[in-house]
Amino acid sequence: MDGGEKGVRLALVGFVSLIALVPMLRLLWEGVAPAGSPDLSIVIETWTRSATLRALRNTLVTGIGGTLLALILGTGFALLVALTDIRAKAALVFSFILPLVIAPQVTAFAWMQAFGPNSPLLGALGLAPPLGTRNPLVGPGGIILLLGLHHAPLVFLAVRAGLRLVPRDLVEAAQAAGAAPMTILRTVILPLLGPALAAGTGLSFVSAIGNFGIPALLGIPGGYTVLVTLVYQRLAGFGPRVLPEVAAIGLGLAALAIIGLAVQRWRIRRDDVRVVSLAATTPGWRLGTWRPVVEASVWVFMGLILVLPFAALIATSIVPAIGVELTWERMTFSHYAYVLWDYAAARRAFVNSFVLAGLAAAVLMMAAVPLAVLADWRRSRAIGFLAIAAEFPYALPGVVLAIAMILVLLKPLPIINLSLYNTVWIIFAAYLARFLTLAWRPVSAGLAQVDRSLEEAAQGAGASFIFRLRTVIYPLLAPAAVAGAIIVFLTAFNELTVSALLWSSGAETLGVVLFSLDQSGESTGAAAIAVLTVIATLALMGVGAALGRRLPQGVLPWRP
Amino acid sequence: MATVSLATVSRRFAAGSAAVDAVDLDVRHGEFLAVLGPSGSGKTTLLRLVAGFERPDAGRITIGDRIVADGPLFVPPEARRIGMVFQSYALWPHMDVRRNVGYPLAVQGITGAAYADRVAKALNAVGLTGYETRRPAELSGGQRQRVALARCLVMEPAVVLLDEPLANLDVHLRALLQAEFTAFHRATGATMIYVTHDQTEALGLADRVAVMDQGRIVQLASPEELYRAPLTPMVARFVGRGAVIPAIVHTVHNGRADVEVLGRRAQLRVAPDQATGAALVCLRPEDLAVGTNGPVARVARKAFQGSHVAIEARLDGAVLPMHLGPDQAAALGDTVGIDIRDGWVIPARD
Ligand SMILES: Nc1ncnc2c1ncn2[C@@H]1O[C@H](COP(=O)(O)OP(=O)(O)O)[C@@H](O)[C@H]1O
Ligand SMILES: [Mg+2]
């Protein structure tokens with residue numbers, strides 16, 4: 001190991017410890033010893049309060065409900081696409097995955113527009129609920145529905161990955177034994193999918209209980225509070241004074257997520273029936289005369305979950321005012337002009353979100369490559385440990401990380417005496433922590449496909465570690481690193497959960513502005529912002545698609 | 001140019017026996033040494049120890065007059081100035097041929113005319129002038145290995161390590177590139193360590209051959225000696241596919257032994273200090289001939305080889321490889337008499 005490598009290793013250990021490990025430990029410390037000495041009274045008091053318990057119950061109801069819906073939709077769709085001869089699979093998969101890529105607050109807002117009393121679309125058809133009534137999506141039912149739709153792609157991806165591990169010969173042996181498709185599904189395929197189902201279920205449960213955008217838009221108006229929105233309301237209402245209490249709530253939420261992940265792990269371990277095979281099963285079972293019917297229903301479903309809400313979103317963004325009927329003559333782009341030029345907070349938010357997401361993507365992309373090399377090729381224990389530590393800020397609900405960041409950065413930084421609290425940089429620090437693992441994973445996957453002798457040849461030629469990084473390792477891993485950067489950018493750009501707790505005046509993000517416009521009833525401006533973020537998201541997905549075949553398989557979820 | 005020497009060098013991977021087990025090896029200045037052994041015998045690990053990609057758990061490695069590994073002392077590969085040719089060629093896919101070959105120069109900060117000149121010379125030496133702007137993906141397997149060779153050449157290394165450089169090539173290209181390795185060795189005078197599991201490569205190319213088995217060097221000798229006088233049954237079987245057969249040594253005299261083998265008496269070559277009593281002997285096809293008064297064996301396999309017919313004759317569980325000339329005929333299941341003309345009493349057991 002040369003000096004350069006030592007320096008890089010040291011710098012990375014410091015960086016990852018500071019952004020990922022320290023805040024989480026600080027939060028844990030706050031929970032067990034808020035005043036510096038062991039004291040569980042605040043945790044106990046918080047968790048015996050009826051408001052907390054009610055929020056816990058609501059979190060479980062919507063989390064489990066949403067997960068079940070996601071499980072049914074995601075599994076059904078994966079089986080349909082992988083096993084039958086349904087047509088236009090690529091288009092179907094893309095449409096089905098899309099809700100995962102679009103920010104939950106945007107989706108929730110779009111659905112509200114589509115089904116509310118002011119729905120320009122339903123209004124035009126004369127189907128809108130009467131004015132003055134509450135939006136039918138507000139409340140647990142709507143939250144479960146949208147959580148289910150938002151997370152169904154997670155289950156789909158897990159099950160599809162599981163199906164790729166089901167060897168063709170196992171299915172063909174059952175076929176040769178005379179089993180009908182439904183029998184094979186029940187007796188061979190589903191039992192082999194156990195771990196994949198567990199993985200998808202665990203992921204979507206943890207993601208659902210940590211979701212902020214959906215319960216914020218659909219829960220707060222009806223007074224239906226989950227743990228995440230409870231934290232938000234407390235902090236927004238009372239400020240850092242309630243930190244010990246929200247830290248206790250955050251720890252409870254983290255515990256819930258960890259239980260979810262542990263159950264998932266245990267279930268996967270228990271019967272890991274993975275079988276190695278070269279050819280995955282693609283039986284192409286014929287739907288026969290049912291095919292047109294099945295295809296039509298699937299596309300109607302896609303229309304319902306994609307076209308309808310987003311058409312309503314666009315409609316809201318171009319009506320002159322809420323409640324006005326939309327016609328060709330009345331159509332206006334003034335709300336776009338408003339959010340892009342006139343409304344200062346929105347204008348700032350565009351800049352902030354672009355810069356924060358771009359910087360986070362760039363920094364994490366640069367860090368991920370040497371991190372992956374040191375963890376996977378050098379087998380550095382410290383970095384391997386930090387790879388696990390870096391999973392937590394992402395796997396645990398975003399509010400948990402946000403609380404941890406406030407705890408660490410509320411006081412000015414020691415030595416340099418610089419305060420990041422109430423600036424965009426606290427959001428930036430949180431993004432680095434939260435999305436590090438998103439940048440790291442694709443690079444790790446890419447590294448697994450690189451022949452190590454490519455680095456060794458450079459080493460043999462006399463190149464130092466830094467020189468090798470620059471001339472060999474970065475260029476070789478560039479596609480994977482860029483894929484990671486795109487995922488980081490997309491996720492950060494659409495993010496609300498973390499910034500909802502960390503923003504301050506002048507440090508707004510797009511998610512925050514959308515949320516506050518919605519809360520203050522300015523739906524048209526919110527719609528314009530939502531449309532613009534969706535356009536930016538789709539454009540970036542296009543860039544990812546253009547990277548095409550140079551990426552390791554499975555790095556970009558929307559690519560087959 | 002330099003010597004390479006290993007003193008009781010070991011490398012043990014977690015949970016397993018040592019991949020390289022207390023190896024002593026002295027490679028002479030400018031020598032072409034082949035390391036020959038079955039897959040998994042530790043050849044690659046040995047090479048990587050010399051290159052510096054692995055760190056020995058024990059022992060000392062010296063290159064020239066510099067100790068590169070000894071206890072806490074460890075010189076990293078980038079500071080060893082060793083040329084390495086990989087089985088996978090290890091060409092960087094994002095660089096063209098010129099940049100691949102010129103990489104060691106770029107590392108040293110050499111640019112401009114000196115860079116262009118040395119790259120051109122190296123490419124010329126391997127016959128790839130005109131391919132400068134091609135990407136590795138646009139080259140054939142043989143051309144890729146030549147680029148790797150040129151990259152090694154441009155460094156003007158004192159020691160060159162090659163790990164099964166021909167294993168991914170077809171038979172025709174192998175013969176061609178073998179000739180090129182010999183030329184490379186002659187042109188540079190570098191000390192070369194060439195790892196292979198193919199005995200014809202090892203015997204054909206090297207000045208000396210080290211045979212490895214289970215992490216140890218079991219014999220280090222010239223190709224002729226290795227073939228004629230294998231030290232252990234493993235070497236006898238692995239090199240030249242000799243038959244190893246139990247025998248009893250009665251007397252030893254003047255490099256010849258009177259041996260009872262396959263129920264007959266025969267005069268075989270022995271080491272001078274060979275003890276009498278039970279032993280193993282190595283019989284090769286050229287030691288055996290079809291005779292009239294020898295032991296009788298049955299023809300179990302038969303393969304036409306052009307100049308001769310190779311047969312396998314079986315007798316009391318022993319399998320004897322033999323060659324039949326064009327005028328000799330035998331069908332499967334026939335019996336033939338065997339005449340033992342020569343052979344070697346193996347000094348050691350495995
Ligand atoms: N990086 C490694 N980790 C663990 N075991 C290894 C590693 N490299 C080699 N080995 C083991 O060491 C032994 C020798 O391997 P190797 O040197 O590659 O043999 P060869 O090149 O002769 O085929 C094998 O048993 C192999 O499994
Ligand atoms: Mg090898």
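The values are calculated or read from the model by the stated rules, or taken from the named source; none is laboratory data. Quantities reported herein were computed from a predicted structural model and do not represent experimental measurements. Glycine also receives a Cβ, built like all others from the backbone with ideal geometry; neighbour counts cover every protein chain displayed. Just the protein is used for accessible areas: all its heavy atoms, side chains included, with ligands, DNA and RNA removed. Shrake-Rupley method; radii C 1.70, N 1.55, O 1.52, S 1.80 Å.
Among the aliphatic types (A, V, I, L, M) and over 22 Å from A:ALA483 (Cα atoms): is that true of A:LEU418 in this structure? Against the criterion (among the aliphatic types (A, V, I, L, M) and over 22 Å from A:ALA483 (Cα atoms)), A:LEU418 qualifies. In the stretch B:134-154, is there at least one residue being open to solvent by less than 60 Å² (accessible area, probe 1.4 Å), more than 16 Å from ligand 1 (Cβ to nearest atom) and either more than 27 Å from the chain's Cα centre (by Cα) or of a type in the set (Phe, Trp, Tyr) (or both)? Yes, because at least one residue in the stretch B:134-154 is open to solvent by less than 60 Å² (accessible area, probe 1.4 Å), more than 16 Å from ligand 1 (Cβ to nearest atom) and either more than 27 Å from the chain's Cα centre (by Cα) or of a type in the set (Phe, Trp, Tyr) (or both). Within the stretch A:256-274, the set of residues being open to solvent by less than 60 Å² (accessible area, probe 1.4 Å), at pLDDT below 85 and not in a loop (DSSP other than H, G, I, E, B) comprises A:GLN264, A:ILE268.
Per-residue answers, yes or no, for (1) in a helix (DSSP H, G or I); (2) crowded, with 24+ Cβ neighbours inside 10 Å:
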residue: A:ILE466; (1), (2): yes, no
residue: A:ARG470; (1), (2): yes, no
residue: A:PRO475; (1), (2): yes, no
residue: A:GLU495; (1), (2): no, yes
residue: A:ALA500; (1), (2): yes, yes
residue: A:ALA528; (1), (2): yes, yes
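Evaluating B:ASP258 against the criteria (1) in contact (Cβ under 8 Å) with a residue 12 or more places away in the chain; (2) open to solvent by less than 50 Å² (accessible area, probe 1.4 Å); (3) away from ligand 1 (no atom under 16 Å from the Cβ); (4) more than 14 Å from chain A (Cβ to nearest Cβ) leaves one unmet condition, (1). Taken together, the residues in the stretch B:105-148 that are away from chain A (no Cβ under 12 Å), touching a strand residue (DSSP E or B) at 6+ places or on another chain (Cβ under 9 Å) and under 16 Å from B:MET95 (Cβ atoms) amount to 0. Within the stretch B:5-24, the only residue that satisfies the criterion of being more than 16 Å from ligand 2 (Cβ to nearest atom) and within 14 Å of another protein chain (Cβ to nearest Cβ) is B:ALA14. Residue count for the stretch A:427-486 satisfying the condition of being within 14 Å of another protein chain (Cβ to nearest Cβ) and over 29 Å from B:LEU105 (Cα atoms): 1. Among the residues of the stretch B:216-232, at least one is surrounded by 19 or more Cβ atoms within 10 Å (Cβ to Cβ), assigned to a strand (DSSP E or B) and in contact with a helix residue (DSSP H, G or I) (Cβ under 7 Å, 6 or more places away or on another chain).
Here's the yes/no breakdown for (1) touching a helix residue (DSSP H, G or I) at 6+ places or on another chain (Cβ under 7 Å); (2) surrounded by 19 or more Cβ atoms within 10 Å (Cβ to Cβ); (3) not in a loop (DSSP other than H, G, I, E, B):
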site: B:MET234; (1), (2), (3): no, yes, yes
site: B:PRO246; (1), (2), (3): no, no, yes
site: B:ALA271; (1), (2), (3): no, no, no
site: B:ALA278; (1), (2), (3): no, no, yes
site: B:PRO295; (1), (2), (3): no, yes, yes
site: B:ARG301; (1), (2), (3): no, no, yes
site: B:ILE311; (1), (2), (3): no, yes, yes
site: B:ASP327; (1), (2), (3): no, no, no
site: B:GLY333; (1), (2), (3): no, no, no
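Taken as a whole, the structure leaves B:GLY59 outside the set of residues that are assigned to a loop (DSSP other than H, G, I, E, B), open to solvent by 10 Å² or more (accessible area, probe 1.4 Å) and away from every other protein chain (no Cβ under 11 Å). Report yes if some residue within the stretch B:82-90 is more than 16 Å from ligand 2 (Cβ to nearest atom) and either in the same structural domain as B:GLU164 (by TED's automatic domain parsing) or in a strand (DSSP E or B) (or both); otherwise report no. There is at least one residue in the stretch B:82-90 that is more than 16 Å from ligand 2 (Cβ to nearest atom) and either in the same structural domain as B:GLU164 (by TED's automatic domain parsing) or in a strand (DSSP E or B) (or both).
Among the candidates B:ALA22, B:ALA7, B:ALA34, B:ALA51, single out the residue that is of a type in the set (A, V, I, L, M), in contact with a Phe, Trp or Tyr (Cβ under 6 Å, 6 or more places away or on another chain) and under 20 Å from B:VAL195 (Cα atoms).
Values: B:ALA22 fails: in contact with a Phe, Trp or Tyr (Cβ under 6 Å, 6 or more places away or on another chain); B:ALA7 fails: in contact with a Phe, Trp or Tyr (Cβ under 6 Å, 6 or more places away or on another chain); B:ALA51 fails: in contact with a Phe, Trp or Tyr (Cβ under 6 Å, 6 or more places away or on another chain).
Matching residue, one of B:ALA22, B:ALA7, B:ALA34, B:ALA51: B:ALA34.
The conditions of being over 21 Å from B:LEU220 (Cα atoms) and surrounded by 21 or more Cβ atoms within 10 Å (Cβ to Cβ) are met by B:VAL68.
Within the stretch B:82-104, track down each residue that is more than 13 Å from every other protein chain (Cβ to nearest Cβ) and open to solvent by less than 10 Å² (accessible area, probe 1.4 Å).
Result: B:VAL97, single match.
Pairing each residue of the stretch B:192-211 that is more than 14 Å from ligand 2 (Cβ to nearest atom) with any residue that is open to solvent by 10 Å² or more (accessible area, probe 1.4 Å) and hydroxyl-bearing (Ser, Thr, Tyr), provided the two are 6+ apart or on different chains, yields C-beta distances under 6 Å for B:ARG208/B:SER222.
Here's the yes/no breakdown for (1) within 16 Å of ligand 2 (Cβ to nearest atom); (2) on the phi > 0 side of the Ramachandran plot; (3) more than 16 Å from the chain's Cα centre (by Cα); (4) basic (Lys, Arg):
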| site | (1), (2), (3), (4) |
| --- | --- |
| B:GLY42 | yes, yes, no, no |
| B:LEU46 | yes, no, no, no |
| B:LEU49 | yes, no, yes, no |
| B:ASP57 | no, no, yes, no |
| B:VAL68 | no, no, yes, no |
| B:GLY71 | no, yes, yes, no |
| B:PHE74 | no, no, yes, no |
| B:ALA79 | no, no, yes, no |
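When the stretch B:163-194 is filtered for residues that are farther than 21 Å from B:HIS29 by Cα, within 16 Å of ligand 1 (Cβ to nearest atom) and either away from chain A (no Cβ under 14 Å) or of a type outside the set (Asp, Glu) (or both), the ones remaining, listed by number, are B:PRO165, B:LEU166, B:ALA167, B:ASN168.
Of all residues being in a loop (DSSP other than H, G, I, E, B) and among the hydrophobic types (A, V, I, L, M, F, W, C) in the stretch B:124-169, which is farthest from ligand 2 (Cβ to nearest atom)? Just the residue, please.
Taking the stretch B:124-169 first, the residues in a loop (DSSP other than H, G, I, E, B) are B:126-135, B:139-140, B:155-158, B:164-169.
Then keep just the ones that are among the hydrophobic types (A, V, I, L, M, F, W, C); that gives B:126, B:128, B:139, B:155, B:158, B:166-167, B:169.
Working: B:VAL126: 24, B:LEU128: 26, B:LEU139: 23, B:MET155: 23, B:ALA158: 23, B:LEU166: 13, B:ALA167: 9, B:LEU169: 16 Å.
By that ranking, first place goes to B:LEU128.
Only a single item in (1) in a strand (DSSP E or B); (2) within 14 Å of chain A (Cβ to nearest Cβ) is not met by B:ILE67, and it is number (2).
Which residues, counting only those in the stretch A:481-507, are under 19 Å from the mean Cα position of the chain (by Cα) and small (Gly, Ala, Ser)? Please lay out each step first, then the result.
Residues of the stretch A:481-507 under 19 Å from the mean Cα position of the chain (by Cα): A:481-502.
Across the stretch A:481-507, the qualifying residues are A:ALA481, A:ALA483, A:GLY484, A:ALA485, A:ALA492, A:SER499, A:ALA500.
Here the condition is being more than 14 Å from A:VAL16 (Cβ to Cβ), open to solvent by less than 20 Å² (accessible area, probe 1.4 Å), among the hydrophobic types (A, V, I, L, M, F, W, C) and in contact with a Leu (Cβ under 9 Å, 6 or more places away or on another chain); of A:LEU374, A:LEU396, A:LEU436, it holds for A:LEU396 alone. The requirement of being closer than 29 Å to A:TRP47 by Cβ, open to solvent by 10 Å² or more (accessible area, probe 1.4 Å) and among the hydrophobic types (A, V, I, L, M, F, W, C) is satisfied by A:LEU235.
A Cβ distance below 8 Å, combined with a sequence gap of six or more or placement on separate chains, defines the contacts here; from the stretch B:43-61, residues that are in contact (Cβ under 8 Å) with a residue 40 or more places away in the chain and under 13 Å from B:GLY215 (Cβ atoms) reach no residue that is more than 16 Å from ligand 2 (Cβ to nearest atom) and part of a helix (DSSP H, G or I). Restricting attention to the stretch B:71-81, the residues that are open to solvent by 30 Å² or more (accessible area, probe 1.4 Å), more than 7 Å from chain A (Cβ to nearest Cβ) and within 22 Å of A:PHE467 (Cβ to Cβ) add up to 2.
Could you list, in sequence order, all residues of the stretch B:25-56 that are among the acidic types (Asp, Glu) and either within 13 Å of chain A (Cβ to nearest Cβ) or crowded, with 20+ Cβ neighbours inside 10 Å (or both)?
Residues of the stretch B:25-56 among the acidic types (Asp, Glu): B:26, B:31, B:54.
Once the filter is applied, which keeps residues that are among the acidic types (Asp, Glu) and either within 13 Å of chain A (Cβ to nearest Cβ) or crowded, with 20+ Cβ neighbours inside 10 Å (or both), the stretch B:25-56 yields only B:GLU54.
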